[in-house]
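Heads up: the structure comes next, in structure tokens.
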Amino acid sequence: MNARLRWRKFVSGFMLTLTGVCAAISVSALFLILGYLVVRGGTSINWAFFTRLPVPVGEVGGGMANAIVGSAKLLFLATLFGVPIGFLGAIYLAEFSGSKMAFVVRYAADLLNGVPSIVIGIFAYALAVLPFKHFSTLAGGFALGLMMIPITLRSTEEFLRSVPVSLREGAMALGASKWKTIATVIVPAAYRGILTAILLAFARVAGETAPLTFTALSNSFWSPGWTQPTASLPVTIYNYALSPYEDWHRQAWAGGLVLLGLILVINIVARGILARGISVSRS
Amino acid sequence: MATVRPAVSVNIPPIVTNTAARDSTAALAMRMTISKVNFFYGSKQSLFDINMGIATNKVTALIGPSGCGKSTLLRTLNRMHETINNARLEGEILLDGQDILKQDVTSHRRRVGMVFQRPNPFPKSIFENVGYGPKINGSKRPIADAVESSLRRAALWDEVKDHLHKSAYELSGGQQQRLCIARALAVEPEVLLLDEPCSALDPISTAKIEELLVQLKDSCTIVIVTHNMQQAARVSDFCAFLLTGQLIEFNPTPQLFTTPGDPRTEAYITGRFG
């Protein structure tokens, strides 16, 4: 009996340690990555990194200004393309479609969400690069936007559905049409959640590399307008990291640090918006 | 089968069951008339051949045990049943002599307002809540006027006039319900429907709302669903007793409570079931 009890205590202690260690590993992975990036790339982050173009191998200095601006342009296009489609599609799903239709659309969105990003890249290549015979910022924005659609759609739908029926009834009983109810009561009640969803979708595609290598390609210089190939942070990091030059490796680490920093900030802002309280009380 | 009647067989009462009562209501103008209304959720029938009138500027109460169809009947009056899939209404409901089912649904709902069981203010300020109806309906009257007069009519003005721009969620439950009444009044409805408006409130808030209803009937026709028989006795002029989707008795309130015309009414109001 006594031995049995000791054994039980041992198993309990062992499992507690094991699960604790696994939890610690999960958490520390992020901090290890972040720390490693800071150590390796921190020294290369300076004013020039954000304001200068890349320089040829051997020259000192230079930065990733074109990649940073390129990423910003790509993400702007992606948001412009993906968010309205995802948002309006979610309104249809949550407010108008029958349950069968909703099931099909939701399932398709989940599948689209699971499509490997490299496949999205090939698809965008066939649709937005081949017909025009050159790589472009537009094609890159299209590929990233495509990836934003299912994320925005699914989470916006969830937040729209969580608005209590009593609010819909309240608006309709006052003579509001269905569209008026959606525009003036339901969407405002869910706006925090929707905004969070959009930010998370944005952060999700900000680091995508594969779709861009087929569409926006890369560029060592500024990319004026929207129809030229453009540099972007993830692709530039990829190219630099594969190069045999120590200088470029350091730049790649710095680029990774900037990208991760950006994504972390977006995530924290998104959580902050949501944590300020869901705008509808649930009684 | 779909339209099988319940086992209890009833003679559907006329609009007013006894002669004395009919005399007392003969002179009354009817704001709404409900005739031969049958209502179905899918294949399940939940109202059976309802006939009754809603007297102008009076309070009409609908009472009966849970599931008797009183809320369903109330919701048909401003066509809120149409928001439910598979709901089907047969029969005729007139508002000022016009068939409500032939009107535009949004303009009909402006004429027949509704207050729900639980307070449901929008996640907006007090001002925006009350101003919502006039705003979406493009009222020509300044919204601030409508907000003030509606809040006064709902006996809430003095409590909120200094913080109209605070969130409606900061009000107490009773205040929120009066806010919802003010919001409904701001559209200037001819009829105000209330679906157990006090069931989520404490006795003091309930008393305030009951007092308010009595004041409101000067300018508005009121239909109230209530679980609470004392409440029906206190506030209503006419009272309808429903049981399993049928109108058992519809009479002036004092008469229904003192000399009920049907044994089932008597059983219900004396607390033998329900």
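Give the stretch A:73-95 a look and list any residue that's more than 14 Å from A:E158 (Cα to Cα) and without any contact (Cβ under 8 Å) to a residue 60 or more places away in the chain, or say none.
Scanning the stretch A:73-95 gives a single hit, A:P84.
Under the condition of being β-branched (V, I, T) and surrounded by fewer than 24 Cβ atoms within 10 Å (Cβ to Cβ), which residue from the stretch A:145-162 is nearest to the other protein chains (Cβ to nearest Cβ)?
A:I151
Residues are listed down the side, and each one gets a yes or a no for (1) closer than 30 Å to B:P134 by Cβ; (2) in contact with a Ser or Thr (Cβ under 9 Å, 6 or more places away or on another chain):
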site: B:L179; (1), (2): yes, no
site: B:A182; (1), (2): yes, yes
site: B:P203; (1), (2): no, no
site: B:S219; (1), (2): yes, no
site: B:T259; (1), (2): no, no
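Which condition from (1) of a type in the set (A, V, I, L, M, F, W, C); (2) buried (at least 19 other Cβ atoms within 10 Å of the Cβ); (3) within 14 Å of chain A (Cβ to nearest Cβ) is the one that B:L216 breaks?
Exception for B:L216: condition (3).
Looking only at residues that are at pLDDT 90 or above and over 22 Å from the mean Cα position of the chain (by Cα) in the stretch A:223-240, which one is farthest from A:L32 (Cα to Cα)?
Checking each candidate, the answer is A:T227.
Among the candidates A:F142, A:F132, single out the residue that is out of contact with any Cys (no Cβ under 8 Å at 6 or more places or on another chain), surrounded by 24 or more Cβ atoms within 10 Å (Cβ to Cβ) and within 30 Å of A:P224 (Cβ to Cβ).
That would be A:F142, the only listed residue that is out of contact with any Cys (no Cβ under 8 Å at 6 or more places or on another chain), surrounded by 24 or more Cβ atoms within 10 Å (Cβ to Cβ) and within 30 Å of A:P224 (Cβ to Cβ).
Within the stretch A:96-134, track down each residue that is in a loop (DSSP other than H, G, I, E, B) and touching a residue at least 40 places away in the same chain (Cβ under 8 Å).
A:P116, A:H134 - these are the residues of the stretch A:96-134 that are in a loop (DSSP other than H, G, I, E, B) and touching a residue at least 40 places away in the same chain (Cβ under 8 Å).
Mind checking which residues of the stretch B:230-274 are surrounded by fewer than 19 Cβ atoms within 10 Å (Cβ to Cβ), within 17 Å of the chain's Cα centre (by Cα) and touching a residue at least 12 places away in the same chain (Cβ under 8 Å)?
Residues satisfying the conditions are B:A233, B:R234, B:D237.
With (1) within 29 Å of A:E158 (Cα to Cα); (2) in contact with a helix residue (DSSP H, G or I) (Cβ under 6 Å, 6 or more places away or on another chain); (3) part of a helix (DSSP H, G or I) as the list, and A:P188 as the residue in question, which single condition is left unmet?
A:P188 satisfies all of (1) within 29 Å of A:E158 (Cα to Cα); (2) in contact with a helix residue (DSSP H, G or I) (Cβ under 6 Å, 6 or more places away or on another chain); (3) part of a helix (DSSP H, G or I) except (2).
Considering only residues of the stretch B:117-151 that are surrounded by fewer than 24 Cβ atoms within 10 Å (Cβ to Cβ) and closer than 17 Å to B:C220 by Cα, which is farthest from the other protein chains (Cβ to nearest Cβ)?
B:S149
What single numbered condition from (1) within 14 Å of chain B (Cβ to nearest Cβ); (2) in a loop (DSSP other than H, G, I, E, B) fails to hold for A:S166?
Here A:S166 clears every test but (2).
Do we find a residue being within 14 Å of another protein chain (Cβ to nearest Cβ), surrounded by fewer than 19 Cβ atoms within 10 Å (Cβ to Cβ), closer than 22 Å to A:V165 by Cα and in contact (Cβ under 8 Å) with a residue 40 or more places away in the chain anywhere in the stretch B:95-109?
no
Given the conditions (1) surrounded by fewer than 21 Cβ atoms within 10 Å (Cβ to Cβ); (2) of a type outside the set (D, E, K, R); (3) away from chain A (no Cβ under 11 Å), report the number of the one that B:S167 does not fulfil.
(3)
Checking the conditions here, which among A:I266, A:I194 is in contact with a Leu (Cβ under 9 Å, 6 or more places away or on another chain) and either buried (at least 21 other Cβ atoms within 10 Å of the Cβ) or within 14 Å of another protein chain (Cβ to nearest Cβ) (or both)?
Among A:I266, A:I194, only A:I194 is in contact with a Leu (Cβ under 9 Å, 6 or more places away or on another chain) and either buried (at least 21 other Cβ atoms within 10 Å of the Cβ) or within 14 Å of another protein chain (Cβ to nearest Cβ) (or both).
For the structure I just gave you, tell me whether B:N129 is on the phi < 0 side of the Ramachandran plot, under 19 Å from the mean Cα position of the chain (by Cα) and touching a residue at least 12 places away in the same chain (Cβ under 8 Å).
Answer is no for this residue.
With respect to the numbered conditions (1) surrounded by fewer than 21 Cβ atoms within 10 Å (Cβ to Cβ); (2) more than 10 Å from every other protein chain (Cβ to nearest Cβ); (3) among the hydroxyl-bearing types (S, T, Y); (4) assigned to a helix (DSSP H, G or I), which one is the sole condition not fulfilled by A:T227?
The number of the failed condition is (4).
Filter the stretch B:56-91 down to the residues that are surrounded by fewer than 20 Cβ atoms within 10 Å (Cβ to Cβ), part of a strand (DSSP E or B) and within 16 Å of the chain's Cα centre (by Cα) and list them by number.
none
On the basis of being under 30 Å from B:S172 (Cα atoms) and either touching a residue at least 24 places away in the same chain (Cβ under 8 Å) or part of a helix (DSSP H, G or I) (or both), does A:A197 make the cut?
Considered against the rule, which asks whether it is under 30 Å from B:S172 (Cα atoms) and either touching a residue at least 24 places away in the same chain (Cβ under 8 Å) or part of a helix (DSSP H, G or I) (or both), A:A197 comes out as no.
How about the stretch A:107-127: which of its residues are more than 12 Å from A:L212 (Cα to Cα) and either touching a helix residue (DSSP H, G or I) at 6+ places or on another chain (Cβ under 6 Å) or of a type in the set (A, V, I, L, M) (or both)?
Answer for the stretch A:107-127, where residues must be more than 12 Å from A:L212 (Cα to Cα) and either touching a helix residue (DSSP H, G or I) at 6+ places or on another chain (Cβ under 6 Å) or of a type in the set (A, V, I, L, M) (or both): A:A108, A:A109, A:L111, A:L112, A:N113, A:V115, A:A126, A:L127.
Which is among the acidic types (D, E), within 15 Å of the chain's Cα centre (by Cα) and within 24 Å of B:R152 (Cα to Cα), of B:D195, B:D202?
Step by step, each of B:D195, B:D202 is checked, and only B:D195 is among the acidic types (D, E), within 15 Å of the chain's Cα centre (by Cα) and within 24 Å of B:R152 (Cα to Cα).
Which count do you get for residues in the stretch A:142-163 that are part of a helix (DSSP H, G or I) and over 17 Å from A:T213 (Cβ atoms)?
14
The values are calculated or read from the model by the stated rules, or taken from the named source; none is laboratory data. Please read these numbers as outputs of a predicted model, since none were measured by experiment. Neighbour counts are summed over all protein chains in view; Cβ atoms, including those assigned to glycine, are modelled from backbone coordinates with ideal geometry.
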